[in-house]
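Report on the following structure.
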């Protein structure tokens, strides 16, 4: 299809592999791990070149304005493969302070073992990353909006520095999704997703993806093959079908999130609300510049009189869950889940308190979501 097709058109049609034998509207599920190889292209699941794998990778590449991509069996499969492809002993990685807890663990637990050093810059709008770059720096890794504080970094500002120093720029675009933000159009080299979240969108498929130029993706492929984080045909098919409705889902998700953030910001039992769509959010102006919508995650800090864990236990349909991005509203305490293995001291430095909650706003009616929040607070206020 044409490159300037609309977002929903790409979600529905890009990457879908039509086959003359079936005339099917959906890519047929090829449930096989063995393929003929003589006089034809060699295919094998761990080579990331099966029809169902490629259909998903090409669809995500299309909506992210990338040349091509690879899909994996998890988001961490992607992150580990990308980092291990481009970093070697003696190299330096520059990364922002507020990042996903799993990424934090991999960097501190695995990259340290092979002698990759780390420079951490504050997740601030006006940060000058030039101050953190040395001759050993090879990659700048960002996540915006960041998990769970929804901090914003200026993507174009960072990529311009990367290009000036010939550094690889990598972003985790999970929280924004391709609906809200397209980092490649802002100069980023590689865009990663935990597809388990918004791309799959129904809390039933786990996968990850990375997209970029043909040259960079082919550099990742051998590492990915060695690590073996492969998505099977059935899961790939489910992921492809889910992406077809991404635009419709995200429109409702983001509209709901904006309204709920505005309501919670005036709630007497809520101390703070973190959402880039609020004018008082420190990253609002930059988010407005680089995002179409502000995402569907609203983080907030409850008043000390309402215990955050007890609050979750009193919710009726908002589910306390370690994940996010499903059509149903999900909520979690970052200190117990995504940042559980980050030390209390580091969590404090990041601004993540035990009273903070991360709400993944679903597509239910706003009135129903707020009713559940209010009734849980009222139970604990009696």
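The values are calculated or read from the model by the stated rules, or taken from the named source; none is laboratory data. All values derive from a computational prediction rather than experimental measurement. All Cβ positions, glycine included, derive from the backbone under ideal geometry; neighbour counts span all protein chains shown.
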Of the residues in the stretch 58-103, those that are out of contact with any helix residue (DSSP H, G or I) (no Cβ under 8 Å at 6 or more places or on another chain) and more than 17 Å from residue 183 (Cβ to Cβ) come to 58, 74, 90, 91, 92
Going residue by residue through the stretch 95-106, is there one that turns out to be exposed (fewer than 15 other Cβ atoms within 10 Å of the Cβ) and touching a residue at least 12 places away in the same chain (Cβ under 8 Å)? no
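Every residue, every condition in (1) part of a loop (DSSP other than H, G, I, E, B); (2) buried (at least 24 other Cβ atoms within 10 Å of the Cβ); (3) in contact with a strand residue (DSSP E or B) (Cβ under 7 Å, 6 or more places away or on another chain), yes or no:
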position: 148; (1), (2), (3): yes, yes, yes
position: 156; (1), (2), (3): no, no, no
position: 170; (1), (2), (3): no, yes, yes
position: 175; (1), (2), (3): yes, yes, yes
Does residue 295 count as at positive phi, in contact (Cβ under 8 Å) with a residue 24 or more places away in the chain and crowded, with 21+ Cβ neighbours inside 10 Å? yes
Go through the stretch 305-327 and report how many residues are surrounded by fewer than 16 Cβ atoms within 10 Å (Cβ to Cβ) and either touching a strand residue (DSSP E or B) at 6+ places or on another chain (Cβ under 8 Å) or assigned by TED's automatic domain parsing to the domain that holds residue 152 (or both). 2
Failed item in (1) under 20 Å from the mean Cα position of the chain (by Cα); (2) more than 28 Å from residue 169 (Cα to Cα); (3) not assigned by TED's automatic domain parsing to the domain that holds residue 325, with residue 233 passing the rest: (1)
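Being within 30 Å of residue 7 (Cβ to Cβ), crowded, with 18+ Cβ neighbours inside 10 Å and either at pLDDT below 95 or touching a helix residue (DSSP H, G or I) at 6+ places or on another chain (Cβ under 8 Å) (or both), is that true of even one residue in the stretch 110-128?
Taking every residue of the stretch 110-128 in turn, at least one turns out to be within 30 Å of residue 7 (Cβ to Cβ), crowded, with 18+ Cβ neighbours inside 10 Å and either at pLDDT below 95 or touching a helix residue (DSSP H, G or I) at 6+ places or on another chain (Cβ under 8 Å) (or both).
Would you be able to say whether some residue in the stretch 338-350 is modelled with pLDDT of 90 or more and crowded, with 21+ Cβ neighbours inside 10 Å? If you could, list the steps in order and put the result at the bottom.
Residues of the stretch 338-350 that are modelled with pLDDT of 90 or more, as a first pass: none.
Scanning the stretch 338-350 turns up no residue that is modelled with pLDDT of 90 or more and crowded, with 21+ Cβ neighbours inside 10 Å.
Listed here are the residues, each with its yes/no results for (1) at pLDDT below 90; (2) closer than 17 Å to residue 207 by Cα.
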site	(1), (2)
17	yes, no
38	yes, no
42	yes, no
46	yes, yes
57	no, yes
How about the stretch 204-220: which of its residues are assigned to a loop (DSSP other than H, G, I, E, B) and surrounded by fewer than 17 Cβ atoms within 10 Å (Cβ to Cβ)? 204, 213
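Condition check ((1) surrounded by 12 or more Cβ atoms within 10 Å (Cβ to Cβ); (2) part of a loop (DSSP other than H, G, I, E, B); (3) out of contact with any helix residue (DSSP H, G or I) (no Cβ under 6 Å at 6 or more places or on another chain)) across all residues:
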site	(1), (2), (3)
3	no, yes, yes
23	no, yes, yes
32	no, yes, yes
36	no, yes, yes
40	no, yes, yes
43	yes, yes, yes
52	yes, no, no
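Looking at 262, 240, which is the one that is over 25 Å from residue 7 (Cβ atoms) and touching a residue at least 12 places away in the same chain (Cβ under 8 Å)?
Working: 240 fails: over 25 Å from residue 7 (Cβ atoms).
Among 262, 240, only 262 is over 25 Å from residue 7 (Cβ atoms) and touching a residue at least 12 places away in the same chain (Cβ under 8 Å).
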Please state which one of 61, 66, 81 is part of a loop (DSSP other than H, G, I, E, B), buried (at least 21 other Cβ atoms within 10 Å of the Cβ) and at negative phi. 66
